[in-house]
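Asks: I'd like to ask some things about the structure below.
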Number of protein chains: 4
Amino acid sequence: MDRAILSIMERNRIESPDPPSRGPGRPRSREAHAAILTAAIDLVREVGYDAVTMDGIAARAGVGKATVYRRWAGKEQLVVEALGLLVAAMPVPDTGDTHQDVLLLMLTHLRMYQDPATGALLSGLVAAMARSEAIAHAVRSGFIAIRERALRGVLERGAARGDLPADVDPVLATELLNGPLFYRYLIHGGPMDEAQVHGVVRAVLRGLAPGA
Amino acid sequence: MDRAILSIMERNRIESPDPPSRGPGRPRSREAHAAILTAAIDLVREVGYDAVTMDGIAARAGVGKATVYRRWAGKEQLVVEALGLLVAAMPVPDTGDTHQDVLLLMLTHLRMYQDPATGALLSGLVAAMARSEAIAHAVRSGFIAIRERALRGVLERGAARGDLPADVDPVLATELLNGPLFYRYLIHGGPMDEAQVHGVVRAVLRGLAPGA
Amino acid sequence: MDRAILSIMERNRIESPDPPSRGPGRPRSREAHAAILTAAIDLVREVGYDAVTMDGIAARAGVGKATVYRRWAGKEQLVVEALGLLVAAMPVPDTGDTHQDVLLLMLTHLRMYQDPATGALLSGLVAAMARSEAIAHAVRSGFIAIRERALRGVLERGAARGDLPADVDPVLATELLNGPLFYRYLIHGGPMDEAQVHGVVRAVLRGLAPGA
Amino acid sequence: MDRAILSIMERNRIESPDPPSRGPGRPRSREAHAAILTAAIDLVREVGYDAVTMDGIAARAGVGKATVYRRWAGKEQLVVEALGLLVAAMPVPDTGDTHQDVLLLMLTHLRMYQDPATGALLSGLVAAMARSEAIAHAVRSGFIAIRERALRGVLERGAARGDLPADVDPVLATELLNGPLFYRYLIHGGPMDEAQVHGVVRAVLRGLAPGA
DNA sequence: TCCTAAGCGAGACGGTACGTCCAGTCTTCGT
DNA sequence: ACGAAGACTGGACGTACCGTCTCGCTTAGGA
């Protein structure tokens with residue numbers, strides 16, 4: 001997976017908060033960076049967020065713990081970033097049909113929950129967000145913002161097209177659509193099936209656009 | 001709070017997973033049981049879920065650690081039950097007006113998130129559910145089931161009354177209504193305001209009952 | 001072994017420090033008393049003094065812990081008394097030959113160390129004596145005093161007979177004879193063999209009675 | 001006392017059973033090692049062997065518990081080594097007079113029992129030896145061996161000089177001399193006085209060397 | 001004969017030490 | 001001046017044992 005991580009890092013211009021210094025001495029190893037992220041993701045996938053330890057990540061990555069802490073301030077920050085890599089790229093559908101666009105977006109979203117790695121991360125992150133405002137901020141402005149931005153784009157095109165009322169509240173819409181998916185995954189412990197996603201989209205769009 | 005806990009325990013017939021044995025020997029102390037739950041709730045309220053320790057709970061309850069571990073297998077199980085007590089009693093509104101009933105239920109739900117103690121517990125529990133199927137089961141069949149049962153009752157009365165289609169999917173309805181509240185609290189870090197809850201209820205009921 | 005304990009108890013008129021009260025109420029059970037002592041001895045034999053627990057003794061004896069604590073103040077007191085039973089009866093030889101008498105006494109003593117139960121008790125008791133003056137007193141005035149009294153009797157007969165100087169110091173003699181046996185057992189971890197006991201007796205008697 | 005401990009450690013090349021690995025990584029701290037031993041000795045002196053706790057030692061040494069357990073497997077092992085340091089250095093007298101040499105050795109030995117710290121350790125160690133063959137081995141090959149080696153040296157010089165028979169059994173001699181001191185301390189709860197030590201030495205040497 | 005006080009087995013109680021584990025930091029090498 | 005390795009402090013974890021305290025139930029003696 002190292003290759004994938006490296007290429008995603010490049011694509012998304014991911015940078016550590018403390019980037020490689022330019023001065024003399026041995027430069028930081030990109031390999032170490034990628035190995036740590038890979039190890040973090042793999043371990044979360046295997047044993048779950050809480051059972052992951054920094055010692056474990058360092059050992060799996062073949063790296064000293066100091067090398068981890070030189071780049072991230074703690075376990076949560078590291079895992080947030082690792083998760084961010086997995087979800088950074090999210091295509092925004094634009095088929096000309098609002099209902100179709102929303103549905104595609106939701107199914108992409110659903111696919112994420114069907115991946116055990118991402119799914120397992122999710123619940124840990126929710127707790128981490130409650131513990132630390134810094135993490136909450138990171139998650140909101142990464143993971144969540146990407147999703148909400150995509151959804152908002154689709155809804156705005158829909159409003160421009162006249163499929164939705166011009167005054168539809170994007171915050172309300174986001175919560176009506178994303179909320180049920182989260183609820184189902186976090187509370188009932190597994191992803192929805194596709195038919196249920198269809199039902200959610202149908203009901204929410206109908207609820208938002210009474211005349212439609 | 002001990003009194004309240006004791007009476008709630010009685011009312012709800014809350015029992016530990018390993019209830020007092022019926023055989024010979026000194027019976028388990030109800031006072032200790034209540035004191036532990038009280039201490040757990042108070043400490044979560046004061047220092048947050050993660051900073052709570054079993055030693056701290058035992059000390060605050062004036063109880064030995066063994067007495068805690070005799071009843072609960074760990075911190076999470078204990079806190080799950082403590083949370084369950086707080087939310088066990090939830091009045092089911094029945095005003096004759098479906099929209100009004102759903103709204104009242106949601107506002108009761110909202111009130112829970114506005115209480116820092118319950119709110120703080122929630123995110124920890126979500127993570128705990130992901131860690132352990134036993135906890136997940138406990139939360140689902142307590143905390144969650146109570147809420148969903150109440151909601152379902154209201155919807156069924158609504159369907160009987162003709163306010164909602166007879167074939168409305170109760171699972172879908174539950175997720176459409178509860179999901180946004182959870183999403184907002186867990187992801188955006190604070191409860192909705194009442195106006196937003198009105199918006200959610202209006203949109204969802206409209207989405208479920210197109211002709212209404 | 002219960003039978004043996006009961007009969008030894010009777011023979012030696014062993015009584016607990018807090019004997020059954022004479023008043024009304026159910027009298028203390030002799031069976032329980034003997035079962036506890038037996039269990040204590042057996043467990044020491046099997047797992048060693050330190051690994052013995054009061055819960056273990058009570059369980060093995062088929063007795064409640066309160067029944068144990070009603071009779072003895074703690075583990076050490078109980079084990080001291082249990083050991084006392086094993087060694088209460090010690091025949092004092094009187095063959096008319098001082099060297100022979102001392103030797104017989106020492107070999108009896110030796111036999112005690114060769115019994116794993118008594119041997120294992122011994123080292124635990126030494127530590128217990130250091131911890132508590134009450135135990136030290138109990139051991140000294142039971143276990144130890146019995147041995148030293150026997151030895152002193154033999155030496156006095158020897159002095160009367162003219163085999164030993166009249167002014168031989170009985171304290172010195174006791175320590176010269178018993179010391180090496182203890183030292184060997186406690187420090188080197190096993191009993192002397194009989195030949196070595198012969199050597200000790202020969203050297204000590206010669207040292208005490210220069211002209212002999 | 002840290003200085004003293006460190007210098008004794010160096011002099012005697014004392015090493016933990018699990019010595020600092022030679023490979024990469026941070027080496028074990030000599031300061032921590034010495035601080036732990038010092039704390040152990042001081043605490044035994046102050047509160048007695050049984051009341052010493054590992055938490056207490058770690059706290060007094062200003063060290064985490066893991067640092068203690070990385071070096072020693074438990075309380076007993078630690079205290080054995082601490083005691084070993086106290087008695088490592090024992091001068092072997094060589095005055096040219098065998099009786100005098102033995103007496104000096106015994107009085108040095110006696111002095112040890114007169115120190116409350118060492119004395120208190122002793123009885124705990126005896127019990128520890130019975131519990132664990134590893135501890136027994138450590139005590140025998142340290143504490144005890146040093147004493148017995150010194151005594152043997154003196155006796156051999158005496159035999160060479162003709163003060164003692166050439167065939168005197170060194171094991172027998174050791175036990176005859178050391179046994180009474182141990183017996184007195186462990187069983188009667190206090191050290192001999194010097195006059196009694198004179199008596200022991202006189203009797204034992206006379207017993208070993210009949211013609212002397 | 002019944003009452004009543006004390007003992008009985010069982011096991012929970014408050015405490016306390018144990019030995020393990022992890023987080024986040026620091027220190028030594030070797031590269 | 002980086003890298004890996006691993007020891008460092010600190011503190012929570014869950015277990016085990018101690019000596020005490022209830023439970024509901026015998027089991028005598030005295031009334």
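What follows draws every value from the coordinates through simple rules; no lab data is involved. Values in this document were obtained by computation on a predicted structure and should not be read as measured data. In this analysis, Cβ positions are derived from the backbone assuming ideal geometry, glycine residues included, and neighbour counts consider all displayed protein chains.
Asks: How far, in whole Å, is the closest Cβ of chain D from the axis that maps D onto B, and which residue does it belong to?
Replies: D:D55, 6
Asks: In Å and on Cα atoms, what radius of gyration and Dmax does the stretch A:146-207 show?
Replies: Answer for the stretch A:146-207, Rg first and Dmax second: 12.4, 37 Å.
Asks: Taking the Cβ-Cβ separation of D:R70 and A:E156 as r and a Förster radius of 51 Å, what is the calculated FRET efficiency to the nearest 0.05?
Replies: The computed FRET efficiency comes out at 0.25.
Asks: How would A:M54, A:M129 line up from fewest to most surrounding beta-carbon atoms within 10 angstrom?
Replies: The order, fewest Cβ neighbours first, is A:M54, A:M129.
Asks: Would you mind listing the distances between the A:R202 label point and the same position in each other copy? Use 7 Å along Cα-to-C-beta, nm, one decimal, shortest first.
Replies: Label-point separations across copies, in nm and ascending: 2.5, 10.9, 11.4.
Asks: Pull out the extension gain between D:R149 and D:D115, defined as 0.36 nm times the separation in residues minus the alpha carbon to alpha carbon distance; nm, one decimal.
Replies: 10.0 nm
Asks: Please provide three numbers in whole Å: the alpha-carbon extents of the stretch C:90-208 along the principal axes, with the largest listed first.
Replies: 42, 30, 24
Asks: In nm, to one decimal, how far is the modelled label at A:L107 from the one at A:T53, with both set 7 Å along Cα→Cβ?
Replies: Distance between label points: 4.4 nm.
Asks: At C:G56, with labels set 7 Å past Cα in the Cβ direction, how many nm apart are the copies from this one, shortest first?
Replies: Label point to label point, same position, other copies: 2.4, 3.5, 3.7 nm.
Asks: Let me ask something else about it. Which pairs in the list B:K65/D:K75; C:K65/D:K75; A:K75/D:K75; B:K75/C:K75 are over 30 Å apart, alpha-carbon to alpha-carbon?
Replies: Beyond 30 Å between Cα atoms: A:K75/D:K75; B:K75/C:K75.
Asks: Can you sort D:S123, A:S132 so the residue with the fewest Cβ neighbours within 10 Å comes first?
Replies: Listing D:S123, A:S132 from fewest to most nearby Cβ atoms yields A:S132, D:S123.
Asks: Return the FRET efficiency for the residue pair C:A195, C:R26: r is the Cβ-Cβ distance, R0 is 51 Å, and the value is rounded to the nearest 0.05.
Replies: 0.40
Asks: Nm distances between the label at D:R30 and the same-position labels in the remaining copies, 7 Å along Cα→Cβ, shortest first?
Replies: 4.5, 6.6, 6.9
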